[in-house]
Structure formats: C-alpha cells, structure tokens
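Laboratory data are not the source of any read-out in this text; all were calculated from the coordinates shown. Quick caveat, the model's predicted, so the values are computed rather than measured. Backbone-built Cβ (ideal geometry, glycine too); neighbour counts: all protein chains shown.
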Amino acid sequence: MADLATEPIVYSFTDHRVYRRESPLIIAEGDGIRIRDTAGKEYIDALSGLWHANLGFSDSEMIEAATAAYSKLPAFACALGRTSAETELLAGELLTAAGGRFSSVYFSASGSEAVESVLKFLWLASNTNGAPSRKLVVTRDSGFHGTTLGAASLAGIPNQHAGFDLPLPFTVRVPRVHFYRDHVDGETEDEYVDRVLRTTRRRIEEAGPENVAAMVAEPVMAAGGVLVPSDGYWPAMARLLADLGIPLVSDEVVCGFGRIGPLFGHQRFGLEPAAVTVAKGITAGYAPLGAVLLGPDLTGALADAAEEHGVLGHGSTFGGHPVAAAVARANLRALHERGLQGRVAELEISLRTSLEGLLDLPVVGEVRCIGGLAAVELMAGAAARRPFAAERRVGRRVAAKARELGLIVRDLGDVIALCPPLITSASDVAEIVSRLRQAITATLEEEA
C-alpha cells in the first residue's frame, strides 16, 4: 500500500486517492498482447498501454530497428538547421504515405507537443497573413488534445481543466457527436446530426468566422468516450467549415497509423485537413515521437514568417530523435509489409461481433467499434438511456474487476474503452470480451 506522500511517481490521468487503498500496478515484461507484473501475474492489455502499443510488446523488428539505431547514432537533434539521416528519411516517407497532400513535417516528442506546436503555427500564420484577429480555435465537447496549456484548453473533458485555471480564452466550444446519449426521443440520427451542425454554425458565427484560425478535432474521439461519428457528420462538417473559410486540423494522436483502418485517420472519412497531428502509433509506442504534417498554406506561412522574424522561435530537443525516427520507419514498413491495415478490418469485425454479444446484459446500452478502437457504454437502464449515478463509479469498478481477471481496459466514466494491439487475433478478442463480460456481471452481483 502507498500514498501520495510516499509514492515516488506522480501518475498521469490517475486519482491519487487510490494510494490510500491499493498499490500501483508495476509491469515487468511483455510478450505479444500480454504483459506481466512484478508478481508474475499475466494480463491481456486491451488498451495497448495508453492507446499506443499497436504492435504489442515484443515485436522483434521494432526492437532490432531501435538497437541498430542506438549503435549508429544514439542522440542528435532536429534543430539549428541540422538533423539525423533517419529523421530526414522519415519525413519524406510520412509525406509520401499521406499521398502528397502535405508539404512539411515538424517533429515533437509527444502528442501534446504536436498540438501545442500547431496552435502556435496557426497563430503565427494568422499574424503573417495579415489577419491577427484569427486566434480563436473551434473545439468540441468531450474532445481531448493533450495536457499542455494550449492543448488542454482545447479539451472538452472537465478534469482537464479542474484546478488549473483552464481553459485559456481562445476556444469556441461546439457540440460533440454522440447520438446514443445526446439525441432526443423520436429524433432520427440524420435529424440529430443536423441539429449538432446548426448549433456548431451558430456558435462559430457568434464568435465571428473571421476571428477563427482553425477547428481542431479528432476524427474519432478517444478519451472522450470512443465516440464514433454518425454517418454524414464529417461530410457535413467539412462543408460547413469550407463555407465559413475555416481550415481543419485533424488530431490523429490516437487514431492514426492504422488504428481505425487507414494509415491516417482523416482518410477514413475523406477529410482534407490543413494539418495533422500524430504521435502514439507513429512508433507503435516503442519510442517517444510526435509530429505535425503541414499543408502548403501553413508551410508557406512559416516560410513567410521567416522573412519577417528570422529564426523560428519554437523547437524541441527530443523531437525527431534519430532512434525514434528509425523505429517509426520500421513501424511504417511493418504496417505495409505485414498487411496490418487489412488485419485491422478483420479486427474491427471480431471486436464488433463479440462486443455486440454483450448487449444482452441489462446494463450495456451501446457498443461502438471502428477499426481497433471500441467502447462499451454502461447504463443503469439501457433501454431508457438512464445513466448510473456518478457516485456509484460503475465504470471504475468494472475496470478494477477486469484487472483482477487479468484484463486491462480503461474506464472513461461509465464507458469501458478498448484499444487492443493491432496484432490481436480473433481468439484473443473472444477472450477479452469473455473476461469483460465476467467483470460486468461480477460488478452487478456486488450491487445486488
């Protein structure tokens, strides 16, 4: 047992009051999609670490790429007009993989840094282009974009702001898209999407489109509850943004690199963003790396800004680290050569089919799945969409029970999120869902 006064680590996204009741889970090793703690207990990690270990925990080609890179050039920086050969090659490969839509790449060490960077680039572009009022950013309820000051300000999740004096006042908050929870009785899904878009337009027009630098949005919301957008939402949103003259920044820190199917998340919905932020899956979690892919307009604005200001006053020591770049290149090869993107389609079918079997439980209101990303929405009354009282912490208790059963999932309120490695087999999926069913059932029995 431990408490915050004696535990040496401050854990991300953790209620530190848990140290009054239990010790942290400490993992010693991993093999495939399974991990083992220091006591030798084995778990299936159905969250891929934190949405990022896409190739599991023992991929030999990724390990060999890192080992070779460490032996060749273990440290360097992508700064001051210098970079490593691996970083230069990775930039070209990313731009090619994106189909020639983007013109340049900025490397960071994390997704938060990538989002923070693109915010600064947007503001710099507004100033350079003679539109200094364009500093507002459209963002959505339940969105998550990182934890630095600007990125956290974009979040639509209350605990990202509580106690931090956030958000900073540069956001235009618009509705999420979550038909199951948010539609009114008798409203069709098309009618619901129309209502969301009308509210979005109204709020942007109230702020003044001429004051908006961009909309930053996840193609599929992850930390906000794995919210798969309704059909028609993204095409309609793209038309709305085009009508108002507002570029889209696609935040693909979670849903990039095959997580929802295509290499880039925006490709699944036919979007044409002005920039894309990536991290997590870019290296399959085997090294820290983030990036911003910049389209011609932002690339040109940065070039124009150099004429006025000279040095770009922004950077990252570890962004584009040569070992991380080598690992990312190995990941791109793996995704292509092993046909993993095709396997994601199979994983989606397995996940959806297996999870839909949970709908016979009276507390399962909805299951959502896209690619290798899924969620189970828990409700006190599923048919009536009646949520559990927050103080019952049902989602947290289900996740804790799953851990006892050797399964790692994430509770997002009363949503159970799953993001298994892309190498997960159909039999593994069946075992994941079986253990999750046991966890839900055991939690309900405790309530009885």
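So for each of 48-61, 275-288, 345-358 I average, over its residues, the number of other beta carbons within 10 Å; can you give me the resulting order with the highest mean first?
275-288, 48-61, 345-358
Report the extension gain between residue 9 and residue 360 in nm, rounded to one decimal, defined as 0.36 nm multiplied by the number of residues separating them, less their alpha carbon distance.
122.3 nm
Please give the Cα centre distance for the range 379-393 versus the range 216-239, rounded to the nearest Å.
The range 379-393 and the range 216-239 have Cα centres spaced 24 Å from each other.
Kindly rank 247-253, 145-151, 167-173, 82-88 from highest to lowest mean number of other beta carbons found within 10 Å of each residue.
Most protected by this proxy first, the peptides run 247-253, 145-151, 82-88, 167-173.
Counting DSSP beta bridges in the chain, what percent are antiparallel, to the nearest 5?
Close to 70 percent.
For the chain, what is the charge dipole size about the Cα centre, in debye to the nearest 20, if Lys and Arg each add +1 at the Cβ and Asp and Glu each add -1 at the Cβ?
The dipole of the chain has a size of about 340 debye.
Using a 10 angstrom cutoff on alpha carbons, build the Gaussian network for the chain and name the most mobile of 165, 31, 182.
Looking only at 165, 31, 182, the largest GNM fluctuation is found for 165.
For an R0 of 22 angstrom, estimate the FRET efficiency from the Cβ-Cβ distance between residue 103 and residue 173 and round to the nearest 0.05.
For R0 = 22 Å, the calculated efficiency reads 0.10.
Using each residue's phi in the range 144-161, evaluate 6.51 cos²θ - 1.76 cosθ + 1.60 at θ = phi - 60° and report the 3J(HN,Hα) Karplus result to the nearest Hz, with x for Gly and Pro.
Listing the rounded values in order: 9, 9, x, 10, 6, 4, x, 4, 5, 5, 6, 4, x, 10, x, 6, 6, 10 Hz.
Using label points projected 7 Å from each Cα along Cα→Cβ, tell me how many nm separate residue 64 and residue 161, to one decimal.
With each label placed 7 Å out from Cα toward Cβ, I get 5.0 nm.
In the chain, which helices (entire DSSP H runs) extend 30 Å or more along their own long axis, judged by Cα positions, while averaging at least -1.0 on the Kyte-Doolittle scale?
For the chain, where a helix must reach 30 Å along its axis and average at least -1.0, the hits are 426-447.
Given H placed on each backbone N at 1.01 Å, which residues far from residue 214 in sequence or on other chains put an amide H within less than 5 Å of it?
138
When only Cα pairs under 8 Å and 6 or more residues apart are kept, what is the percent relative contact order across the range 237-296? Write out the running numbers ahead of the final one.
On the way: 90 pairs, mean separation 17.6, N = 60.
Relative contact order here is 29 percent.
Using 0.36 nm times the number of residues separating residue 28 and residue 444, minus their current alpha carbon distance, what extension gain do you get?
Length gained between residue 28 and residue 444: 146.6 nm.
So how many Å³ per residue does the convex hull of the Cα atoms of the range 31-86 work out to?
Working: hull volume 7.3 nm³, N = 56.
About 130 Å³ per residue, rounded to a whole number.
Pop the C-beta distance of residue 311 and residue 88 into the FRET formula with R0 = 25 Å and round what comes out to the nearest 0.05.
Once the sixth-power term is evaluated, E becomes 0.75.
For the range 211-323, what does the alpha-carbon gyration tensor say about shape, rounded, prolate or oblate, given a ≥ b ≥ c as the root eigenvalues, a/c under 1.5 as rounded, and a/b over b/c as prolate?
oblate
Shape verdict for the chain, please, from the Cα gyration tensor: rounded (a/c under 1.5), prolate (a/b greater than b/c) or oblate.
Verdict is oblate for the chain.
In deg cm²/dmol, rounded to 500, what helix-only [θ] at 222 nm does the chain give when every DSSP H run of at least 4 residues adds -39500 (n - 2.57) and the total is split over its residues?
Working: 14 runs with 173 residues, N = 448.
Calculated mean residue ellipticity at 222 nm is -12000 deg cm²/dmol.
Shape of the range 46-166 from its Cα gyration tensor (a ≥ b ≥ c, root eigenvalues): rounded if a/c is under 1.5, otherwise prolate when a/b > b/c, or oblate? Walk me through the numbers on the way to the answer.
On the way: a/c = 2.22, a/b = 1.35, b/c = 1.64.
Note, shape of the range 46-166 comes out oblate.
Please give the length that would be gained between residue 129 and residue 199 if that part of the chain were fully extended, namely 0.36 nm times their separation in residues minus their C-alpha to C-alpha distance (nm, one decimal).
22.3 nm
Quick check of the Kirkwood formula: for the range 343-413, what is the inverse mean of 1/r over all pairs of different Cα atoms, in Å? Before the final figure, lay out the partial values.
Working: mean 1/r = 0.0770 Å⁻¹.
For the range 343-413, the Kirkwood estimate is 13.0 Å.
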